1. Among the residues of the stretch 87-116, write down those that are assigned to a helix (DSSP H, G or I) and buried (at least 21 other Cβ atoms within 10 Å of the Cβ).
2. Mind checking which residues of the stretch 226-248 are at pLDDT 95 or above and in contact with a Lys or Arg (Cβ under 6 Å, 6 or more places away or on another chain)?
3. Let me confirm something: among Ala277, Ala199, Ala269, which residue is of a type in the set (A, V, I, L, M, F, W, C), buried (at least 20 other Cβ atoms within 10 Å of the Cβ), under 20 Å from Leu81 (Cα atoms) and touching a Pro at 6+ places or on another chain (Cβ under 6 Å)?
4. For the stretch 1-86, which fully contained helices (runs of 4 or more DSSP H) count at least 3 residues that are under 28 Å from Phe270 (Cβ atoms)?
5. Could you list all residues from the stretch 124-155 that are assigned to a helix (DSSP H, G or I) and aliphatic (A, V, I, L, M)?
6. Is it the case that the stretch 59-81 has a residue that's on the phi > 0 side of the Ramachandran plot and touching a residue at least 24 places away in the same chain (Cβ under 8 Å)?
7. Which of the residues spanning the stretch 253-295 are more than 17 Å from Leu193 (Cβ to Cβ), charged (D, E, K, R) and in contact with a Ser or Thr (Cβ under 9 Å, 6 or more places away or on another chain)?
8. Show me the helices (runs of 4 or more DSSP H) entirely contained within the stretch 195-311 in which 3 or more residues are over 18 Å from the mean Cα position of the chain (by Cα), over 30 Å from Glu23 (Cβ atoms) and not small (Gly, Ala, Ser).
Amino acid sequence: MRVLVAGATGVIGRQLMPVLAAEGHEVVGLARRAGTDSGARIVSVDALDQAAVLRAVRQAEPEAIVNLLTAIPAEINPKRLADDFALTNRLRTDGTRNLLTAARQVGVGRVVAQGLAYAYDPDGAGPADEQTPLWPAPPAPFVPVLGALKELERNTLAAGGTVLRFGHLYGPGTIYAADGSFTRQVRRRQVPLVGGGTATFSFTHTHDAATAVAASLTAGSAEVLNVVDDEPSPMYEWLPRFATELGAPPPRRAPAFLARWAVGPWGVAFMTKLRGADNARAKRVLGWQPSHPTWRAGFLPAAATAPPAGR
């Protein structure tokens, strides 16, 4: 299959390109800079330029398009979330529309897009499945982010595509990697357990995200699927162990009302309200299994090789 990957140099795209090539697909990437990746050609395109996107799609003549368009900073300030995600929001709205318009004009039969598995309504018991409503009244900084995600999903599904909702991504190039911003902050004891650390995280290794995308090119349908690992875990469980594996001091504890001053309403909600996700439907529909079924299998060993703070 000839596959066009938009966002080919992102943390999932870098894993996906060789996975697709190994499965025998002909792969072309779109990114802000041209080049090659695992032997695949990468074309420089501004995803917000509708004419440029249409030209690139026409030249590639793909049978499928994978939409991984984001521009998320390497380090996010929770008090500036709306600013930090402004370009990503445009890519998820305008960029997605440009891709889908081009796909329709060229006759592309398959579209897969990247969604988010930790935007579910936090007021519920247990991991959220795909029928669980998204957050009805999130903190103000997250409102435009969630709005862009909803628009991406709505437009992708209307085009007959699949949305894969990924959890907290870890692996090479992510904030949890050996050289990632979160790892550095934990080493410096800058990440406290806010309000008891009651947020539940569902993680996704970037390679597992890539294999799920590959599976969805043939097995997926017009629906959303949670692509996460098998072990949703509260922050009060995984963060102290993460610090221990890094040889860092244990995280401090901070009441939510004090932390709100430092990290804002989104930072507090991120550490106290997030809900884990259920991956049963993705396994069933895609015939997919995570090679990292728990964050304990890959998350901690990879980050533990980080250099000491100050280097």
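The values are calculated or read from the model by the stated rules, or taken from the named source; none is laboratory data. Remember, it's a predicted structure, so these values are computed and weren't measured experimentally. For neighbour counting, all protein chains shown are included, and Cβ atoms are generated from backbone atoms with ideal geometry for every residue, glycine included.
1. Residues of the stretch 87-116 that are assigned to a helix (DSSP H, G or I), as a first pass: 87-106.
Result: Asn89, Leu91, Arg92, Gly95, Thr96, Asn98, Leu99, Leu100, Ala102, Ala103.
2. Taking the stretch 226-248 as the starting set, the residues that turn out to be at pLDDT 95 or above are 226-240.
Result: Asn226, single match.
3. Numbers: Ala277 fails: under 20 Å from Leu81 (Cα atoms); Ala199 fails: touching a Pro at 6+ places or on another chain (Cβ under 6 Å).
Of the residues listed, the single one that is of a type in the set (A, V, I, L, M, F, W, C), buried (at least 20 other Cβ atoms within 10 Å of the Cβ), under 20 Å from Leu81 (Cα atoms) and touching a Pro at 6+ places or on another chain (Cβ under 6 Å) is Ala269.
4. On the way: elements: 13-22, 50-60, 81-84.
So the answer is 13-22, 81-84.
5. Selection gives Ala140, Val143, Val145, Leu146, Ala148, Leu149, Leu152.
6. Going residue by residue through the stretch 59-81, those that are on the phi > 0 side of the Ramachandran plot are 61.
Imposing the further condition that a residue be touching a residue at least 24 places away in the same chain (Cβ under 8 Å) reduces the set to 61.
Yes.
7. The answer is Arg275, Asp278.
8. Working: elements: 206-219, 235-246, 256-272, 280-286, 295-303.
In the stretch 195-311, the matching helices (runs of 4 or more DSSP H) lie at 235-246, 256-272.
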